[in-house]
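Structure first, then comments.
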Amino acid sequence: MKLDKCHGGVENETVVFCHKNGGGMGLKSKDEDGKDVGFFGCSYCHSVYDRQVTHPYYKPWFVDELVEYAIKETDKRLVKMGLK
């Protein structure tokens, strides 16, 4: 996910795998095969998705739509890398 204030760092040092919300308190979301569901995002994007930071104009429902797209793109990348 790349929001307009996204900053992954010079060598992507702030990019992490952001787990999809909804797994339950303290639980990570998994797919039907038991694999993690999520997307790559910088610390800012992760904070916006987790509602720790309010984006200046993106509404939470729109961020959730962006996340669904980011998950699909991340899955494609993980398949190409042989990790999924």
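Observations on the structure shown:
- A simple charge model with +1 on the Cβ of Lys and Arg, -1 on the Cβ of Asp and Glu and nothing else charged puts the dipole of the chain at about 40 debye relative to its Cα centre.
- Percentage relative contact order, the chain, counting C-alpha pairs under 8 Å, at least six apart: 29
- Counted residue by residue at 0.36 nm each, then reduced by the alpha carbon distance between them, the extension gain from TYR69 to ASP31 reaches 12.1 nm.
- Per-residue 3J(HN,Hα) values for region 6-14, derived from phi via the Karplus relation 6.51 cos²θ - 1.76 cosθ + 1.60 with θ = phi - 60°, read 4, 8, x, x, 4, 10, 6, 5, 9 Hz in sequence order (x marks Gly and Pro).
- Note on the chain: with a GNM built from Cα contacts shorter than 10 Å, the maximum mean-square fluctuation among ASP31, ASP50, ASP64 falls on ASP31.
- Which of CYS42, VAL63, LEU78, positive extreme of dipole for region 41-80 (C-beta unit charges): LEU78
- Among residues other than VAL63 with Cβ under 15 Å from its Cβ, the summed charge is 0 (Lys and Arg +1, Asp and Glu -1).
- Hz values of 3J(HN,Hα) by residue in region 37-48 - Karplus curve (6.51, -1.76, 1.60), Gly and Pro given as x: 10, x, 8, 7, x, 6, 4, 5, 4, 4, 5, 5
Any read-out appearing in this document is the output of simple, stated calculations on the displayed coordinates, not a laboratory observation. Given the structure is predicted, the values throughout are model-derived calculations rather than measurements. Note that we place each Cβ from the backbone using ideal geometry, even for glycine, and neighbour counts take in every protein chain shown.
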